[in-house]
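Here is the structure we will look at, set down as structure tokens.
The values are calculated or read from the model by the stated rules, or taken from the named source; none is laboratory data. These numbers come from a predicted model, not from an experiment. As a convention, Cβ positions derive from the backbone with ideal geometry for all residues, glycine included, and neighbour counts pool all protein chains shown. Accessible surface is based on the protein model in full, side chains and every heavy atom, while ligands, DNA and RNA are left aside. Shrake-Rupley method; radii C 1.70, N 1.55, O 1.52, S 1.80 Å.
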Amino acid sequence: MSIEENLITIRNEILNIQKECNRENDKVELLAVSKTKPIDYLLEAYNSGQRLFGENRINEAEIKVPALPNDAIFHMIGHLQSNKVKKACELFDCIQSVDSLKVAKKIDKYCKELKKTMDIYLEINIVNDINKNGFKPSDDLINIAKEITTLTNINIVGLMCIGAHVSDEQQIKKSFLSLKELSEKLNNEIPEFNGTKLSMGMSGDYKLAIESGSSMVRVGSSIFGVRV
Ligand SMILES: *Cc1c(COP(=O)(O)O)cnc(C)c1O
């Protein structure tokens, strides 16, 4: 199947899942995760109407972002090292992988210099996996989120997570529902926090994520083929 056919299939599937779980009036966006894939693949997706792309490395983004038309939107979804924050602020429209207060403050600082406001997601290590990045649910997230909302060149749009890496669907769903619960808690307890979006669901589990309230699924291999 071509990239275009894959995109059509997945967009239809997203709509069908939304109908099945009575979310047809909600907006569920599709982020095409193009990491490791060549520019030709991104252009093919772009030419079949895709505008949202996800990349996880600065050095790849430096090549791909300028190669796509201006209305392509790039989200950073990989762990961001401190020394790469400046470049990330120049290249990306949104940083989904904000996993420390320190990185948030750096993004704010560089965005002031660039005179832009960066949309961000707080990445949550929802299953407390020592091998994963992200804030832990046990961190003092209320106070961290409060402090981030005071940063003037940052706009928190929501929370991001990677679902539990297990085969049991109920357990995967539980991890997505925990992110939703955390989002509700932050939005209820912090009036200035308007991060209501949930970026969750990948090729293998986006159905469960949409059923759990996802507003953006991040799909790579089902669109572009497996990564080697
Ligand atoms: C690679 C990646 C994806 C996409 O994964 P697929 O299984 O290929 O759909 C989504 N989110 C993040 C954070 C990733 O690193």
- Around Ala67, what is the net charge, scoring Lys/Arg as +1 and Asp/Glu as -1 over all other residues with Cβ under 13 Å from its Cβ? -3
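Report, in deg cm²/dmol and to the nearest 500, the calculated mean residue ellipticity at 222 nm for the chain, where each DSSP H run with n ≥ 4 adds -39500 (n - 2.57) and the sum is divided by the residue count.
-13000 deg cm²/dmol
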- For Phe135, distant residues with modelled amide H under 5 Å away: Glu123, Ile124, Asn125
- Burial-style ranking of 212-218, 18-24, average other-beta-carbon count within 10 Å with highest first, yields 212-218, 18-24
- Highest GNM mean-square fluctuation among Leu30, Leu101, Leu208, for the chain with Cα springs under 10 Å, belongs to Leu101
- Label the chain by shape, choosing from rounded, prolate and oblate, from the square roots a ≥ b ≥ c of the eigenvalues of the Cα gyration tensor; if a/c is under 1.5 it is rounded, and otherwise prolate applies when a/b is larger than b/c, oblate when it is not. oblate
- Message: Can you give me the solvent accessible area of His75 with a 1.4 Å probe, rounded to the nearest 10 Å²?
- Response: 10 Å²
- Roll a 1.4 Å probe over the protein chains and send me the accessible area per residue for region 12-106 in Å². 49 Å²
- Quick one: grab the alpha carbon gyration tensor of region 109-149, order the square roots of its eigenvalues as a ≥ b ≥ c, and give me rounded if a/c is under 1.5, else prolate or oblate depending on whether a/b is larger than b/c. prolate
- Query: For the chain, which whole percent of the accessible surface, found with a 1.4 angstrom probe, sits on carbon and sulfur atoms?
  - Reply: 47 percent
- Accessible-area ranking of Leu42, Leu114, largest first, probe 1.4 Å: Leu114, Leu42
- Ordered by number, the trypsin sites (Lys or Arg not before Pro) in region 74-136 that occupy a DSSP loop and have at most 16 other Cβ atoms within 10 Å are Lys115, Lys116
- Classify region 1-115: rounded, prolate or oblate, from the alpha-carbon gyration tensor (a ≥ b ≥ c, eigenvalue square roots; a/c under 1.5 rounded; otherwise prolate if a/b is larger than b/c)? oblate
- Could you rank the peptides 76-83, 186-193 by their average count of other C-beta atoms within 10 Å per residue, with the highest value first? 76-83, 186-193
